[in-house]
2 protein chains.
Amino acid sequence: MPSRKKPRPTGEARRKQRDPRALSLVQTRRQHAREIAEDYAEAIAELIADRGEARVVDLAARLGVTHVTVHRTVARLQKAGFVSSRPYRAIDLTRRGRALATTSRSRHETVLQFLLSLGIPEHVANTDAEGIEHHVSPETLAAFASALKKSGL
Amino acid sequence: MPSRKKPRPTGEARRKQRDPRALSLVQTRRQHAREIAEDYAEAIAELIADRGEARVVDLAARLGVTHVTVHRTVARLQKAGFVSSRPYRAIDLTRRGRALATTSRSRHETVLQFLLSLGIPEHVANTDAEGIEHHVSPETLAAFASALKKSGL
DNA sequence: GTGTTAACGTAGCATAGGCTACATTTTGTT
DNA sequence: AACAAAATGTAGCCTATGCTACGTTAACAC
């Protein structure tokens, strides 16, 4: 098969990207699919750690969506190579999925601790961290970690 | 008419939200539509300031999408009361749109300056700020501003 | 081993945001 | 005024992420 990847724009969309700020916006949008993968990987890893396995219903409760959404998304993540699953069975992470879960979790923790170190109340920090973590580059993450270390002395 | 707003989930989705972390995730997802409104409002305000008017093509170049996407989104934002537009004319912000643009712009600036104050390189900070700004609560924004003031002495 | 219930899967709908291709209107040139 | 080019609009397709409603399988009680 001719490797049916998602085709990048070739017409106006490509030609018109002259404004430098557009690049950041485009990157931010591209990031979106990965956000979901990160949230799922993190949640699956957590469920496996907590209860031994990740079931569709528990994942749904953990993520605040219906089991149908979980089912479809898991199928997509399986195609993408992050999880493995068989009908009516628990969901498992692939090696790649575990790697994603690990880095996501650690990044989440750093962002959360950093926000808390600024004096932000816990419930606010939790929600903000959830939204922010997916948009934090390695450089920014390192800066957060270093600021955290300084403040923690 | 019976006020056709977007209906909130009433079945499984509502019942199953027992996990506290789910709430943050649900909120983060709900935020999504507003992100676009903020990006558009900011871009439109900027174009009007820079060239006197905001045209569909310029907006498309500024946002890194095609003019078709801009056209459809502007229609949605008009329904939502953020912009006003007439066929083949420039796009204008409503009072609400201008308010959104102002707060978005100021928040963006605070986030960006805060990242820069941590020593993050400019091009990275720009991209990260673009992604992060939409997920920063008023509390966190205040914390950023206050940290910025301290560091800026 | 049968039957109920909970979990899982499937069908089908809606919204939102991308795109290309093509049609129409404005704008600007000659 | 007529034409060419640029801007805008429309049609139609795709993917992703939600949902409800309903069918199917597996787990568990008895």
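Apart from one condition, A:THR110 fits all of (1) within 14 Å of chain B (Cβ to nearest Cβ); (2) touching a residue at least 24 places away in the same chain (Cβ under 8 Å); (3) within 16 Å of DNA strand D (Cβ to nearest atom); the exception is (3). The condition (being within 13 Å of DNA strand D (Cβ to nearest atom), within 14 Å of chain B (Cβ to nearest Cβ) and open to solvent by 20 Å² or more (accessible area, probe 1.4 Å)) is satisfied by just one residue among A:VAL70, A:VAL57: A:VAL57.
When B:SER151 is tested against (1) open to solvent by 60 Å² or more (accessible area, probe 1.4 Å); (2) within 15 Å of DNA strand D (Cβ to nearest atom), just one condition goes unmet, and that condition is (2).
Only residues that are aliphatic (A, V, I, L, M), within 14 Å of DNA strand C (Cβ to nearest atom) and in contact (Cβ under 8 Å) with a residue 12 or more places away in the chain were counted in the stretch B:58-99, giving 9. Within the stretch A:10-22, if we keep just the residues that are in a loop (DSSP other than H, G, I, E, B) and loosely packed, with under 14 Cβ neighbours inside 10 Å, the residue that is modelled with the lowest pLDDT turns out to be A:ARG18.
Number of residues in the stretch B:115-145 that are more than 8 Å from chain A (Cβ to nearest Cβ) and either more than 20 Å from A:GLN31 (Cβ to Cβ) or β-branched (Val, Ile, Thr) (or both) equals 6.
With respect to the conditions (1) away from DNA strand C (no atom under 14 Å from the Cβ); (2) farther than 20 Å from A:ALA129 by Cα; (3) more than 9 Å from every other protein chain (Cβ to nearest Cβ), A:PRO20 lacks only one, and its number is (3).
Residues in the stretch A:91-107 that are more than 25 Å from A:VAL57 (Cβ to Cβ) and surrounded by fewer than 20 Cβ atoms within 10 Å (Cβ to Cβ) were compared, and the one that is farthest from the other protein chains (Cβ to nearest Cβ) is A:ARG95.
What do you reckon, is A:SER84 surrounded by fewer than 23 Cβ atoms within 10 Å (Cβ to Cβ) and in a helix (DSSP H, G or I)?
Working: surrounded by fewer than 23 Cβ atoms within 10 Å (Cβ to Cβ): yes; in a helix (DSSP H, G or I): no.
So A:SER84 does not fit the description; no.
Under the condition of being within 16 Å of DNA strand C (Cβ to nearest atom), open to solvent by 20 Å² or more (accessible area, probe 1.4 Å) and of a type in the set (Asp, Glu), the residues counted in the stretch B:23-47 number 2.
Here is a check on your reading of the model: is B:VAL26 more than 7 Å from chain A (Cβ to nearest Cβ), within 14 Å of DNA strand D (Cβ to nearest atom) and assigned to a helix (DSSP H, G or I)? So B:VAL26 fails the test.
The values are calculated or read from the model by the stated rules, or taken from the named source; none is laboratory data. Note that the coordinates shown come from a computational prediction; the quantities given were computed from them, not determined experimentally. Cβ atoms come from the backbone with ideal geometry, glycine included; neighbour counts cover every protein chain shown. When the accessible area is computed, the model is the full protein with side chains, heavy atoms only, and any ligands, DNA or RNA have been set aside. Shrake-Rupley method; radii C 1.70, N 1.55, O 1.52, S 1.80 Å.
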